[in-house]
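What follows is a single structure, written as structure tokens, with notes after it.
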Amino acid sequence: MTKPTDTDSYLAALPPDQRKALEELREQVLAAAPKCTEWFGYGLPGWKLHGHTMLYMGASKKHCALYGMLPKGFEKELQEFECSKGAIRFQPNRPIPVAVVNAIVTAKVAEMDAKWGRKGK
């Protein structure tokens, strides 16, 4: 089996429930951050903004996840999920709520705009 080299092949190799959950997450991120670009790095689908990595998504045998340095302030919204400094793990049948994904991505875009988006442009 060859390793995926892009988002579509990564998703195609997943079980149907994980594929569906990550396809939906992909759509949510792209809707919340229309200026980001998709990319594939470190074996995972991800997004960049202003040339810098914004977030990744992935799946393992036991969960799906949204990876990256997440903005602070979402502890209450994410209390029912297994979280670490750089990941939110969720089950395909219990994804991160759309409103929470939107808020996280919007906050991440604001952070990145402040850091890289306004310099010399």
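Descriptive notes on the structure:
- Filtered residues of region 1-16 (kept if part of a loop (DSSP other than H, G, I, E, B) and exposed (fewer than 10 other Cβ atoms within 10 Å of the Cβ)): Met1, Thr2, Lys3
- Checked against (1) touching a residue at least 60 places away in the same chain (Cβ under 8 Å); (2) surrounded by 12 or more Cβ atoms within 10 Å (Cβ to Cβ), Gly58 meets all criteria but (1).
The rows are residues; the columns are (1) in contact with a strand residue (DSSP E or B) (Cβ under 7 Å, 6 or more places away or on another chain); (2) farther than 15 Å from Lys108 by Cβ; (3) at pLDDT below 95.
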| position | (1), (2), (3) |
| --- | --- |
| Lys3 | no, yes, yes |
| Thr7 | yes, yes, no |
| Leu11 | no, yes, no |
| Gln18 | yes, yes, no |
| Ala21 | yes, yes, no |
| Thr37 | yes, no, no |
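- Of all residue pairs spaced 6 or more apart or on separate chains, those with beta-carbon atoms under 8 Å, a first member in region 31-48 that is of a type in the set (Val, Ile, Thr) and a second member that is not in a loop (DSSP other than H, G, I, E, B) are Thr37/Trp47; Thr37/Lys48; Thr37/Leu49.
- Restricting the first member to region 4-25 and to residues that are among the hydroxyl-bearing types (Ser, Thr, Tyr), and the second to residues that are part of a helix (DSSP H, G or I), the beta-carbon pairs closer than 8 Å and six or more apart or on different chains are Thr7/Arg26.
- Screening region 80-96 for residues that are assigned to a loop (DSSP other than H, G, I, E, B), loosely packed, with under 14 Cβ neighbours inside 10 Å and over 12 Å from the mean Cα position of the chain (by Cα) and picking the one that is modelled with the lowest pLDDT gives Lys85.
- Listed conditions (1) touching a residue at least 40 places away in the same chain (Cβ under 8 Å); (2) surrounded by 15 or more Cβ atoms within 10 Å (Cβ to Cβ); (3) closer than 16 Å to Leu49 by Cα; (4) of a type outside the set (Lys, Arg) are all met by Asp113, apart from (2).
- Filter pass, Glu77 being surrounded by 14 or more Cβ atoms within 10 Å (Cβ to Cβ), more than 14 Å from the chain's Cα centre (by Cα) and not in a helix (DSSP H, G or I): yes
- Within region 17-55, tally of residues that are small (Gly, Ala, Ser) and surrounded by 13 or more Cβ atoms within 10 Å (Cβ to Cβ): 4
The values are calculated or read from the model by the stated rules, or taken from the named source; none is laboratory data. Keep in mind that this is a model prediction, so the values were computed, not measured. All Cβ positions, even for glycine, are placed from backbone atoms using ideal geometry, and neighbour counts span all protein chains on display.
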